[in-house]
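See structure below.
The values are calculated or read from the model by the stated rules, or taken from the named source; none is laboratory data. Please read all numbers here as calculations on a predicted model, not as lab measurements. All Cβ positions, glycine included, derive from the backbone under ideal geometry; neighbour counts span all protein chains shown. For accessibility, only protein heavy atoms count, side chains too; no ligands or nucleic acids. Shrake-Rupley method; radii C 1.70, N 1.55, O 1.52, S 1.80 Å.
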Amino acid sequence: MSAAVVSEFGGPEQVVLAEVPVPRPAAGQLRVKVTAAGLNPVDGGVRSGIFGGAGQRLGLGWDVSGEIDEIGADVTGRRTGERVVGLHHGTVKPLGSHAQYVVLDASAVASAPTAVDAVTAAGLPLAGLTAARAVDLLELAPGSSVLITGAAGVVGALAVQLAVRAGLVVTALAGAEDEEFVRSLGATGFVPRGTAPVGPVDGVLDAAVLGEVALGSVRDGGVYVGLIPYHAPAAERGVRVVEQEVAADGAHLARLVDLVDAGALTLRVADTFPLAEVAEAHARLEEPGVRGRVILTV
């Protein structure tokens, strides 16, 4: 099969297609014939060497949407031909989801949404689980105020929707051109990117990784949630500082699928590329102002 890999770190041109053996599922696993796979910033980080793995051939891709075509031992409740979405967790790995087939733990998949096509669904797993975990970590009561930075990005926009569903009063920080969009998601307040910090708010979900600037908007004793491990600012003024770290959680993913099918969670696709043009897709990912997920079609 064909799979996107990098053997040398660098720019988009380092991503190539390799011919590799089709993987087989072990006990507790299943194999998915890939229809589409999301391209995430973490893939660019792997490509550029941020996560290590020098001297190895590394696979790319976390998100997957496709059909189960082989099931390993000890897997129940799944059938071949079933449409699923899933998360292939891990940065330094020999193969990822940017391939014709991918093997996942059965616990990492959920039945695919029926309200959107497989390409759109491919943008849900990593972004959706990241946003949902971050909102949960706020641990704020309904009616509490929260500032979400990077609110027009893929993760930020999902976080706005999930925070509103949790009963939080959301102020969105995004580019001035994105105000109408983030308000359509339920944000009641808006702060243009680059302006002075707002606050005090009960909590900040820092999807834009503003760090100390965002922390300054939190009231004494409030909460700051960061999205990148080991990148959160130091705690101060009694503010609880936590970082989310996404996990492959099929049960949680299934709840997000239900929200998509209910029309309560909007997914966006910025652009699509066939797997053969994966290097071009990486170049698109790095362009400024991308709104929505870049998707590889297989």
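The stretch 100-140 and the stretch 181-253 have Cα centres separated by 21 Å.
Rounded to the nearest 10 square angstrom, Ser65 shows an accessible area of 0 square angstrom against a 1.4 Å probe. Under the criterion of Cα pairs below 8 Å and six or more residues apart, the relative contact order for the stretch 145-298 equals 18 percent.
By a 1.4 Å probe calculation restricted to protein chains, Glu236 has an accessible surface near 80 Å², given to the nearest 10.
Pairwise Cα distances in the stretch 152-298 exceed 27 Å for 29 percent of all pairs. Short-range pairs are left out: with C-alpha atoms under 8 Å and at least six residues apart, the relative contact order of the stretch 1-143 is 28 percent.
Accessible surface of the stretch 120-279, 1.4 Å probe: 52 percent of it comes from carbon and sulfur atoms. Surface exposure of the stretch 180-267, expressed per residue as accessible area with a 1.4 Å probe, stands at 49 Å². Each helix, a run of at least 4 DSSP H residues, gives -39500 (n - 2.57); summed and divided by the residues of the chain, these come to -6500 deg cm²/dmol at 222 nm.
How big is the Kirkwood radius of the chain, worked out from every pair of different alpha carbons and given in Å to one decimal? With all distinct Cα pairs of the chain included, I get 19.5 Å. Here is the list for the stretch 208-259: trypsin sites (Lys or Arg not before Pro) lying in DSSP coil, each with at most 14 other C-beta atoms within 10 angstrom of its C-beta, are Arg237. A viscosity of 1.002 mPa s and a temperature of 20 °C, combined with the Kirkwood radius over C-alpha pairs in the Stokes-Einstein formula, give the stretch 155-234 a diffusion coefficient of 167 µm²/s. Probing with 1.4 Å while keeping every protein chain in the model, the per residue accessible area of the stretch 1-150 equals 38 Å². Restricting the calculation to Cα atoms, every distinct pair contributes to the Kirkwood radius of the stretch 81-220, found to be 16.3 Å. Equivalent ellipsoid of the stretch 1-109: semi-axes from √(5λ) of the C-alpha gyration tensor, largest first, are 25, 12, 12 Å. Rounded to the nearest 20 debye, the dipole magnitude of the chain is 340 debye, with +1 charges on Lys and Arg beta carbons, -1 on Asp and Glu beta carbons, and the Cα centre as origin. Two tests apply to each whole DSSP H helix in the chain, Cα reach of 15 Å or more along its axis and mean Kyte-Doolittle hydropathy of at least 0.5, and the ones passing both are 125-138, 154-165, 250-261. Per residue, the convex hull spanned by the Cα atoms of the stretch 112-184 amounts to 97 cubic angstrom. Converting phi to 3J(HN,Hα) with the Karplus coefficients 6.51, -1.76 and 1.60 and the offset θ = phi - 60°, the stretch 8-15 yields 9, 6, x, x, x, 5, 7, 7 Hz in sequence order, with x at every glycine or proline.
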